[in-house]
Each structure stands twice: as C-alpha cells, then as structure tokens.
Amino acid sequence: MSGALPSALALTLLACAGCAAAERGFYAPVGAAESPSLVHWTEGRPDELVFEVACQGSYLNQVAGRPARTMHVQLEVLRPREGAVTLALDALRLTLQPADGGAPIDLLPSEAWWGDERLERALRIPGWSRRAFDLFFDDPDAESAPPALARLRWTWQAGGDTGYGDCQFRRIPAGGPGQPSLDPLGDAAFGYRDGFYMPIEGDLGPRALQKGVEVREHYVFHDPEGWFVGWF
C-alpha cells in the first residue's frame, strides 16, 4: 500500500498538470447576494407554476469523443395544479457572453435528462408534480474560457397558455465568497461541495450517466474515477 500511494499521487499530479488549462467557471444568478453555496434563480407563482434554475458551471469534458466546453444547467419546475406543462427543447436557448467581450454565442441543449432518463424532444411536467432536469449546453470551442455571463431563455405551454422564462448568471470571481470552499467534498459519492456539482478543475473526461445506488433528482454524468476525490 505504501508503495502504491506515491505512484497514485504522481499519476494524479500528472493528470492535473496536463489539464491545468481546463479552467472551471462557477456562477450565481445576476443580482443575487453572495453566498457560500449554490444559489438558485426562482420565479413564478406558488399556486400556478414555479421555475428554479441553478448553473452548475462551465467545464471541459469529452462529448462523442471530442473535447467541448460545457455549461451544465439544472432546471426544476413545480406545477401545483392540474394541467401538464411542456418545454420544447428547441425553444430553450443558452446565450453565452465570452470573457473577452466578443460576440454572444447561442447554444441549444446537447442533452437533457430527467433523473436517469434522457429526453429527446421536450421537458414535461404533469399536473401536481415537481420535476428536476439536467441540461447540457456544449460549445465545440474547447479552447474558450468560461463565459462572463450565461442567459437561459425558454418557452412553456400548458393547454392553451404560453409563457416565457428568462434568467441570467454571472461568473463568480476567483477567490470570491460565492466560490465552493476548499474543504473536503460534502458528498463524495456524488461529487458535490456546497451544492456545486463536480467542483474540481481540469478535463472531466467522457460525459455519460453514472448509475447510482439510490434515486436522486440530479445524477452524476462523469466517471468518479476521474475526480481524484481522495486528494481534495
């Protein structure tokens, strides 16, 4: 065991050194007060329809065998009355404002998940229910830096009614009080710290659903072996 430890540590350090340029960005809703944990943007009427959005950040990973800079957004919808609500995936847009001040970039969802079920056309929330979705938006420019701002927009339909949603997230400055702490992971098995998903730097490797031993609203989509959780 004592001989394996230095080797494992060396591999870890080499891996981290090789992916040092894969900077992670952490985000909070525009206008929200600083907080030591993940902050949700919330809007709606508690007796009709409520949307909660959290930005899990910008990171480098592998998608279909190619590197991509990904924005991971968690959307939770509460429908406390009769009548299903539908959000078409092709009506969801994430607009990124590059860190260098360049032209905004519009992205459609690359993947959408409800728990461990991948969705193809729409997000559907039945009446009298709450559903949590994971949305992945992939920028093929893997060399880009985490954007300064991210704006999510969507259209929803319920029967004959149509509505719109719009929220923005700003990047938390390095060392800011809204960044995840450097303490050990609060939930090592699922890679959470202060509510942020996968709070480590570097390329997270291939994106694929990792089956868990328990049912969760939000699952993990990267191999735990790549986290080097034991060193943080």
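How do LEU87, LEU119 rank by accessible surface area computed with a 1.4 Å probe, from largest to smallest?
Result of the area sort, largest leading: LEU119, LEU87.
Of the trypsin sites (Lys or Arg not before Pro) found in region 97-199, the ones in coil according to DSSP and having at most 15 other Cβ atoms within 10 Å of their Cβ are ARG121.
Backbone N atoms of region 88-115 closer than 18 Å to the 7 Å Cα→Cβ label point of VAL30 belong to residues 93-107. Calculated [222 nm] ellipticity per residue, helices only, for the chain: -2000 deg cm²/dmol; basis is -39500 (n - 2.57) per DSSP H run with n ≥ 4, divided by all residues, nearest 500.
Computed from Cα atoms alone, the Kirkwood hydrodynamic radius reported for region 142-222 is 16.0 Å. Among GLY160, GLY212, GLY176, the largest mean-square fluctuation in a Gaussian network model of the chain (Cα springs under 10 Å) belongs to GLY160.
Over the chain, what percent of the accessible surface lies on carbon and sulfur atoms, probe 1.4 Å? Of all accessible area on the chain, carbon and sulfur atoms account for 56 percent. Kindly express, to the nearest 10 degrees and within the range 0 to 90, the angle between helix 4-18's C-alpha long axis and the longest C-alpha principal axis of the chain. With both axes taken from Cα atoms, the answer is about 60 degrees. Solvent-accessible area per residue in the chain equals 50 Å², computed with a 1.4 angstrom probe and all protein chains kept. Give me the distance between the Cα centres of region 33-81 and region 103-131, rounded to whole Å. Cα centroid to Cα centroid, the span is 11 Å. For the chain, the Cβ-based charge dipole about the Cα centre amounts to some 180 debye (Lys, Arg positive; Asp, Glu negative; other atoms uncharged).
The values are calculated or read from the model by the stated rules, or taken from the named source; none is laboratory data. Nothing here was measured: the structure is a model prediction, and the numbers come from that model. Positions of Cβ are backbone-derived with ideal geometry, glycine not excepted, and every protein chain shown enters the neighbour counts. SASA here: full protein model, heavy atoms, side chains in, ligands and nucleic acids out. Shrake-Rupley method; radii C 1.70, N 1.55, O 1.52, S 1.80 Å.
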